[in-house]
Amino acid sequence: MPQAYANEIKDGQEVSVRLIEAQGKTLTARIDHVSGALDSVNRSRQVDIILPNPDGKLLPGSYAEISINVVGKANPLVVPANVLVIDKAGEHVVVVDTEKRIAFRPVKLGRDFGREVEVLEGISPDDTLVASPSDLLVDGEQVSVADAHQKPDNLARVARASR
């Protein structure tokens with residue numbers, strides 16, 4: 001379980017299991033144990049799941065897709081990975097405000113989808129984010145915005161900023 005959701009799961013919680021060879025059939029399992037710590041390498045929490053196998057058809061080592069419902073938080077925003085700035089100060093994005101000034105905002109990240117990343121906290125759907133921000137941008141600096149566009153649903157608005 002990724003760190004962003006690690007506190008949202010509990011022992012005994014039901015989960016859905018879909019096996020590749022089951023051709024879309026979903027099985028129900030439950031969480032038996034949640035580890036007390038995060039893995040320091042991949043920032044995830046170990047979860048043990050009990051899946052009944054009374055007829056012995058489920059083979060050890062089979063690949064499965066597990067769906068765990070987490071409670072609470074509203075749908076996170078999904079942003080292109082190229083808007084993220086990760087440095088010694090942590091993870092943040094560059095936002096252009098209504099006066100066309102740059103602001104660096106710390107963010108809390110959720111799942112990483114490769115080209116896109118969930119942002120759980122730190123920005124709103126109305127924010128305009130800078131794609132591939134230059135290292136030369138300074139907080140409060142005035143910029144011009146080009147190629148601004150609004151994406152549907154929970155995708156963030158992204159722009160290019162130049163001095």
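List of remarks:
- Test result for V15, touching a helix residue (DSSP H, G or I) at 6+ places or on another chain (Cβ under 9 Å), closer than 25 Å to D112 by Cα and in a strand (DSSP E or B): no
- Considering residues of segment 30-46 that are of a type in the set (S, T, Y) and under 20 Å from the mean Cα position of the chain (by Cα) only, the residue most open to solvent (accessible area, probe 1.4 Å): S40
- Candidate set: segment 120-157, residues that are of a type in the set (A, V, I, L, M, F, W, C), modelled with pLDDT of 85 or more and under 12 Å from V83 (Cβ atoms); chosen: the one most open to solvent (accessible area, probe 1.4 Å): I123
- As a summary of the residue check, N82 satisfies the conditions (1) assigned to a strand (DSSP E or B); (2) closer than 21 Å to V119 by Cβ except for the one numbered (1).
- Looking only at segment 1-12, residues that are outside any helix (DSSP H, G or I) and open to solvent by less than 80 Å² (accessible area, probe 1.4 Å) come to 4 in all.
- Considering residues of segment 90-118 that are within 18 Å of R43 (Cβ to Cβ) and not in a strand (DSSP E or B) only, the residue most open to solvent (accessible area, probe 1.4 Å): F113
- Look at (1) touching a residue at least 40 places away in the same chain (Cβ under 8 Å); (2) among the small types (G, A, S); (3) out of contact with any strand residue (DSSP E or B) (no Cβ under 7 Å at 6 or more places or on another chain) and you find that G110 fails only one, number (3).
- Check on L27, assigned to a loop (DSSP other than H, G, I, E, B) and open to solvent by less than 50 Å² (accessible area, probe 1.4 Å): no
- Taking every residue in segment 22-40 that is closer than 23 Å to L58 by Cα and pairing it with any residue that is surrounded by 10 or more Cβ atoms within 10 Å (Cβ to Cβ) and hydroxyl-bearing (S, T, Y), at least 6 positions away or on another chain, the pairs with Cβ-Cβ distances below 6 Å are T26/S16.
The values are calculated or read from the model by the stated rules, or taken from the named source; none is laboratory data. The model shown is predicted, which means the values in this text are computed figures rather than measured ones. Ideal geometry is used to build each Cβ from the backbone, glycine not excepted, and the neighbour counts take in all protein chains shown. Accessible surface areas use protein heavy atoms only, side chains included; no ligands, DNA or RNA. Shrake-Rupley method; radii C 1.70, N 1.55, O 1.52, S 1.80 Å.
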